[in-house]
1. Check segment 67-76 and report whether any residue there is more than 13 Å from V6 (Cβ to Cβ), assigned to a strand (DSSP E or B) and in contact with a strand residue (DSSP E or B) (Cβ under 6 Å, 6 or more places away or on another chain).
2. Only residues in segment 42-71 that are of a type in the set (D, E, K, R) and at pLDDT 95 or above count as the first member; pair them with residues that are part of a loop (DSSP other than H, G, I, E, B) and buried (at least 23 other Cβ atoms within 10 Å of the Cβ), Cβ under 6 angstrom, at least 6 apart or cross-chain, and list the lot.
3. Sort through E25, E83 and tell me the only one that's assigned to a loop (DSSP other than H, G, I, E, B), open to solvent by 70 Å² or more (accessible area, probe 1.4 Å) and acidic (D, E).
4. Which condition breaks for D58 when tested against (1) buried (at least 21 other Cβ atoms within 10 Å of the Cβ); (2) farther than 27 Å from V136 by Cβ; (3) charged (D, E, K, R)?
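The values are calculated or read from the model by the stated rules, or taken from the named source; none is laboratory data. Because the structure is predicted, anything quoted here is derived from the model rather than measured. Because the Cβ atoms are built from the backbone with ideal geometry, glycine has one as well, and the counts that use them run over all protein chains shown. Heavy atoms of the whole protein, side chains included, go into the accessibility calculation; ligands, DNA and RNA do not. Shrake-Rupley method; radii C 1.70, N 1.55, O 1.52, S 1.80 Å.
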Amino acid sequence: MKSIHVLLVEDNEGDILLTMEALEEGKLVNKISIARDGKEAIDFLQKKEQFTAEHAPDLILLDVNLPKKNGHEVLQFIKNTNEFKHIPVIMLTTSSSYKDINVSYTNHANCYITKPVEVEEFFKVVVQIENFWVNVVKLPS
């Protein structure tokens, strides 16, 4: 069975716990790293501060509404940096704003998913993300 490293960029502790639980239930993801704001996500990718020993993730789940640097700024950094632009970025957010959706795709997000409000539906979405990006899609190595 394939395993991957996912970087979850999320500031809401409840959503972090739910996402981790859903990914662990799927038993496909090997490693989940957490960045709780946009600056921390960029530091993680650049191996700064406490992230010097980390490896680049295979997949990034990125919220739009983040402190310090928002998800659009993080996405721009990722897709404008040769070392990281190949990493698929899924915008996973509560925002259903057309502006956020359009900006995300303009900045080369791989997909945009609005988080369901119901816990059971949220679990289903995360499991579908995991199944698609681990079992269906061929990721770069």
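1. Of segment 67-76, the ones more than 13 Å from V6 (Cβ to Cβ) are 67-76.
Checking the rest, the ones that are also assigned to a strand (DSSP E or B) come to none.
Within segment 67-76, not a single residue is more than 13 Å from V6 (Cβ to Cβ), assigned to a strand (DSSP E or B) and in contact with a strand residue (DSSP E or B) (Cβ under 6 Å, 6 or more places away or on another chain).
2. If the second residue must be part of a loop (DSSP other than H, G, I, E, B) and buried (at least 23 other Cβ atoms within 10 Å of the Cβ), the pairs left are D63/E10.
3. After ruling out the rest, the residue left standing is E83.
4. Looking at each condition in turn, D58 falls short on (2).
Yes/no per residue for (1) open to solvent by less than 50 Å² (accessible area, probe 1.4 Å); (2) in contact with a Phe, Trp or Tyr (Cβ under 6 Å, 6 or more places away or on another chain); (3) free of Cβ contacts under 8 Å to residues at least 24 places away in the same chain:
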position	(1), (2), (3)
H108	no, no, no
I113	yes, no, yes
P116	yes, yes, yes
E120	no, no, yes
F123	yes, no, no
Q128	no, no, yes
V134	yes, no, no
